[in-house]
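These notes concern the structure reproduced below.
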Amino acid sequence: MIGDAYNIEYWIDSNVGGGTVGQCDAPAIDHQWRTIVPAVTGDTEITDAHDAGLITDICGAPATVDLDFALDASFQGAHGGQEVYAAVVTALDGAVIARLSGTVSATADPTFSFSIQRALAIGTAYQVRYWIDSNFGGGTVGACDPKAIDHQWSVAVAARARMETKR
């Protein structure tokens, strides 16, 4: 898709020193490598060459994607200078993948942002759960108080399917 970056992952079923035919074995047995395609602007042609220095474990690693989030300038007036907390959790069971925190900026846009590299498994749905330690009408600094005291909300991150190559 125009504007998206991609990882193209290859493996060659060479079975050097063993291995199983038709299965992606360890890099010492089956060569594996990744080519990174930056944000595309149109039709793209890739020419790869064999380079033993690029061999990496792609078959043993789960297929993952990056997560980038930002709070826009609408948070500055209401929450500038307050602490914001974010937890990335699996939608199915609420298992925590990552926790982040920082201060809502009163001057910068975005006012708070984070990036988690290759943390989300393809095919899994997630939520990003936020709360801002605003302590309206009381509350405890650093604690997630009820909604009337600390603002809380969540954003759904839909499950992404593995991209298939069209020929």
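Looking at S115, S154, S105, which is the one that is in a strand (DSSP E or B) and at pLDDT 90 or above?
Numbers: S115 fails: at pLDDT 90 or above; S105 fails: in a strand (DSSP E or B).
Every option except S154 fails the conditions.
In region 116-136, the count of residues that are more than 26 Å from G3 (Cβ to Cβ), more than 16 Å from the chain's Cα centre (by Cα) and β-branched (V, I, T) is one or more.
Identification of strands (runs of 3 or more DSSP E) wholly contained in region 1-102 with 2 or more residues that are of a type in the set (F, W, Y), open to solvent by less than 80 Å² (accessible area, probe 1.4 Å) and out of contact with any Gly (no Cβ under 6 Å at 6 or more places or on another chain) yields 6-12.
Close contacts from region 103-115, counting a first residue that is closer than 12 Å to F69 by Cα and a second that is part of a loop (DSSP other than H, G, I, E, B) and open to solvent by less than 60 Å² (accessible area, probe 1.4 Å), with Cβ to Cβ under 8 Å and a gap of 6+ residues or different chains, come to P110/A73; T111/A73; T111/G80; T111/V104; T111/S105; F112/V104; F112/S105. Assuming A121 fulfils every condition listed in (1) farther than 30 Å from I29 by Cα; (2) at pLDDT below 85 apart from one, which condition is it? (1) is the only condition that A121 fails. If only residues of region 137-163 that are among the β-branched types (V, I, T) and surrounded by 13 or more Cβ atoms within 10 Å (Cβ to Cβ) are counted, the one that is nearest to the chain's Cα centre (by Cα) is V157.
The values are calculated or read from the model by the stated rules, or taken from the named source; none is laboratory data. Fair warning: this is a prediction, and the values are worked out from it, not measured in the lab. Cβ atoms come from the backbone with ideal geometry, glycine included; neighbour counts cover every protein chain shown. Side chains included, ligands, DNA and RNA excluded: accessible areas come from the protein's heavy atoms. Shrake-Rupley method; radii C 1.70, N 1.55, O 1.52, S 1.80 Å.
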